[in-house]
Amino acid sequence: MTNANARSAANSLRAQLVESNPPDLAQEFIAQLDAYYAHPSSSFYIGKLERRFYKQKVRHLAWKPYPEDGLVTFGASGTDMCDRQIFFKNSETKPEKSADEPFRGRQRRQGTAIIDFVQLDLIHMPARLGESAEFTIAEDWSTYEDDDGEEYRVKEWVFEDAAQQRKVFERNGVQFAITAKPDGILDYKGQKLIFEYKTKATGLVAMNGKLDFKGADSSHLRQVTAESLIFGINEGIILYESTEKPSWFSDEENKSVPKTRKTWADGSPKPDLRAFHFKITEKMQEDLLNDLAEQARLVYEETLPKMTIEMTGKCAFCAFKGHCKSQLTAEEKTMLIEAEQRYATSNLAGKYDHKNLREYLSGLDLEEASEDE
Ligand code: SF4
């Protein structure tokens, strides 16, 4: 499947999601979180629960390689990568390591730290809220060996490493694997739900604007579709949290805050948490499996996927930019340059897609393309 087709498939997935989503589950979940964070004891942890939480983390501090079965393995959170990135990732190509903007390192660390506390908070909710905590982290038994080789069983909360699973699939004659470690499996009145959590650092107003306009991110929907295939759970919640919080007191009357930056409206703080309830259909799973099978096939056949304009929308976190640009054919370079020129003279000039393409072309030897022609 081309990236263009993948994008339209993602849009149609979103449409299915919106139609099939009763809004109440997400609202109920937010109501539970709000009740917890408003609780006077939410800043204090219960020693017994906290110790069990960290002991579980320590048990999983170990290197766990995939089985050596030679199969292309997709991480659930990486199922929205461009075809070329998957190709490089599964070839001998070494990821490019370069220094990043320091604040990005701090931002990544912030996201990693917050999810730990969201999980710790979720396991405290039954203790703090009693029976009104209807969403709890599921628990299951795990087996370990002690230092003397004796097996022992221990109950663990089903999130992160304790939840990790890898499953092999076959589509169109191609075998591949998907691995996932979700942010949690929730128990809701006896029903299991997949839980994914994402921080947003774009600011409160920008986060709400984007989620109102577009809903849950298409790459996050691909991730939970992959997880539904592994865990056999077709429903769940994606929770977004803005790392910017509303002003401590209302800023509505504060003249030094521009209208577009106000974090309160109509006497209430704007939401810093947003939840989306999703339901995964068989078609969504089939579409994803077909896409992944095609990407895996190109890896096994050692065929570098052709460059497309749409791929440039996925470059932001790619560690293979140099390799990708160095392996463009003269035709591909010409195609990209011509597309950029069309963008520059259209009403899309300077917009998202044009910016991505220009960013990709930056540093590329454009002279070489015209000489090759
Ligand atoms: S640089 Fe962009 S187009 Fe190239 S492999 Fe990475 S994501 Fe794909």
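The values are calculated or read from the model by the stated rules, or taken from the named source; none is laboratory data. All values derive from a computational prediction rather than experimental measurement. Virtual Cβ from ideal backbone geometry, glycine too; neighbours counted across all protein chains shown. Just the protein is used for accessible areas: all its heavy atoms, side chains included, with ligands, DNA and RNA removed. Shrake-Rupley method; radii C 1.70, N 1.55, O 1.52, S 1.80 Å.
Among residues of region 144-168 that are on the phi > 0 side of the Ramachandran plot, those with a beta-carbon under 7 Å from a residue that is open to solvent by 40 Å² or more (accessible area, probe 1.4 Å) at least six positions away or on a different chain give the pairs GLU160/LYS181. When CYS315, CYS324 are checked against the criterion of being within 30 Å of GLU170 (Cβ to Cβ) and either among the hydrophobic types (A, V, I, L, M, F, W, C) or within 13 Å of the ligand (Cβ to nearest atom) (or both), CYS324 stands alone in meeting it.
Which of the residues that make up region 67-95 are open to solvent by 50 Å² or more (accessible area, probe 1.4 Å) and free of Cβ contacts under 8 Å to residues at least 12 places away in the same chain? Listed by number, the residues that qualify are GLU68, GLY70, GLU92, LYS94.
Using the structure shown, decide if PHE53 is open to solvent by less than 20 Å² (accessible area, probe 1.4 Å), aromatic (Phe, Trp, Tyr), within 16 Å of the ligand (Cβ to nearest atom) and at negative phi. Judged against the criteria, PHE53 is not a match. Would it be correct to say that ASP140 is more than 16 Å from the ligand (Cβ to nearest atom), part of a helix (DSSP H, G or I) and of a type in the set (Asp, Glu)? Criteria not met by ASP140. Checking each residue in region 46-72 for being at pLDDT 95 or above and of a type in the set (Phe, Trp, Tyr) picks out PHE53, TYR54. The set of residues in region 137-174 being buried (at least 17 other Cβ atoms within 10 Å of the Cβ) and either out of contact with any Pro (no Cβ under 6 Å at 6 or more places or on another chain) or more than 20 Å from PHE231 (Cβ to Cβ) (or both) consists of ILE137, ALA138, GLU156, TRP157, VAL158, PHE159, GLU160, ALA162, ARG166, PHE169, ARG171, VAL174.
With respect to the conditions (1) more than 16 Å from the ligand (Cβ to nearest atom); (2) assigned to a helix (DSSP H, G or I), ALA349 falls short on a single one, namely (2).
The single condition among (1) near the ligand (Cβ under 9 Å from one of its atoms); (2) open to solvent by less than 40 Å² (accessible area, probe 1.4 Å); (3) under 25 Å from ASP100 (Cα atoms) that THR308 does not satisfy is (3). Could you grab me the full set of residues in region 96-136 that are outside any helix (DSSP H, G or I), open to solvent by 50 Å² or more (accessible area, probe 1.4 Å) and touching a residue at least 24 places away in the same chain (Cβ under 8 Å)? The answer is GLU96, LYS97, GLU134. Condition check: in a loop (DSSP other than H, G, I, E, B), within 16 Å of the ligand (Cβ to nearest atom), within 21 Å of ARG166 (Cβ to Cβ) and not aliphatic (A, V, I, L, M). Does ASP80 satisfy that? Yes; evaluated as a whole, the condition is true for this residue.
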